[in-house]
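Participant: Quick one: structure below, then a few questions.
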Amino acid sequence: MPHVSLSSNKFNGFSLIEMVATLAIVSILAAMAMPYAKMGIIRNQEFELQRSLREIRNALDEFHRDWKNERHNKLEQTASRNGYPVSLQVLVDGVPLAGQISGRKKYLRRIPRDPFTDQSLPVTQHWQLIGYKDDPDTDTWNGEDIYDVRSKSSRQALNKSYYRDW
């Protein structure tokens, strides 16, 4: 029977050089992964901005279509003479229906937020409002009605366009 010695001069575990090499490899991999993680976060925010803009713009279009088809009670001061809402809050609060039907029609459950605008601001201040008579490139709103909205952010998107131009 062969002799097996229980005492050995070999140490079990990692040497300092092995641990330093492992940490170096892990840190290089982490440094390479960070930009991709940040890009993923920005991409999600861009999708959220697109979804928010689409939701508000669809509500504005539906509001105007209902106004043109005389489904609104015109005695209410919810629409301008051009048929667009006087505020984003009107889309959430809804408008009284005209004719025999009683009740209110609501166009939004809530005002969507702009993920690239200061989140400490009220959501009603997240958007650059554009009136029917406003120049499309203006940074000032006429205060009469809301024909369109855009982001107030001056940041560039991943595709190098500006969020305010979306």
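FYI, it's all coordinate maths here, none of it is from the lab. Keep in mind that this is a model prediction, so the values were computed, not measured. All Cβ positions, even for glycine, are placed from backbone atoms using ideal geometry, and neighbour counts span all protein chains on display.
Participant: For the pair GLU144/ARG81, report the inter-label distance in nm, with labels modelled 7 Å from Cα in the Cβ direction.
Facilitator: It works out to 0.8 nm between the two label points.
Participant: Which entry is the computed volume of the Cα convex hull per residue in Å³ for this structure: [x] 112; [y] 294; [z] 242?
Facilitator: Computing volume of the Cα convex hull per residue in Å³ and matching it to [x] 112; [y] 294; [z] 242 gives [z].
Participant: Something else about it: Taking only Cα atoms, what is the 0 to 90° angle, nearest 10, from helix 16-68's long axis to the longest principal axis of the chain?
Facilitator: Computed tilt is about 10 degrees.
Participant: In addition: Extending each Cα 7 Å along its Cβ direction at ILE17 and ARG164, get the distance between those two points in nm, one decimal.
Facilitator: Placing both labels 7 Å beyond Cα along the Cβ direction yields 5.9 nm.
Participant: Which residue fluctuates the most in the chain, going by a Gaussian network model with Cα springs under 10 Å, if the choices are ASN44, ASN69, ASN82?
Facilitator: ASN69
Participant: A further question on this structure: For the pair ASN69 and GLU48, what calculated FRET efficiency results from E = 1/(1 + (r/R0)^6), where r is the Cβ-Cβ distance and R0 = 35 Å, to the nearest 0.05?
Facilitator: Numbers: r = 32 Å, r/R0 = 0.91.
So the FRET efficiency works out to roughly 0.65.
Participant: For a quick check, take a GNM of the chain with Cα springs below 10 Å and name the residue from GLY13, GLY40, GLY94 with the largest mean-square fluctuation.
Facilitator: Maximum fluctuation in the GNM of the chain, among the listed residues, is at GLY13.
Participant: Continuing with this model, one more query. Quick one: of LYS105/LYS152; LYS74/LYS152; LYS74/LYS106; LYS106/LYS160; LYS68/LYS152; LYS133/LYS160, which pairs are farther than 26 Å apart, Cα to Cα?
Facilitator: Numbers: LYS105/LYS152 29 Å; LYS74/LYS152 32 Å; LYS74/LYS106 16 Å; LYS106/LYS160 36 Å; LYS68/LYS152 30 Å; LYS133/LYS160 29 Å.
Among LYS105/LYS152; LYS74/LYS152; LYS74/LYS106; LYS106/LYS160; LYS68/LYS152; LYS133/LYS160, the Cα-Cα distance tops 26 Å for LYS105/LYS152; LYS74/LYS152; LYS106/LYS160; LYS68/LYS152; LYS133/LYS160.
Participant: If you don't mind, another one. Rounded to the nearest 500, what is the 222 nm mean residue ellipticity of the chain from helices alone, with -39500 (n - 2.57) per DSSP H run of 4+ residues and division by all residues?
Facilitator: Working: 2 runs with 59 residues, N = 166.
Rounded to the nearest 500, it is -13000 deg cm²/dmol.
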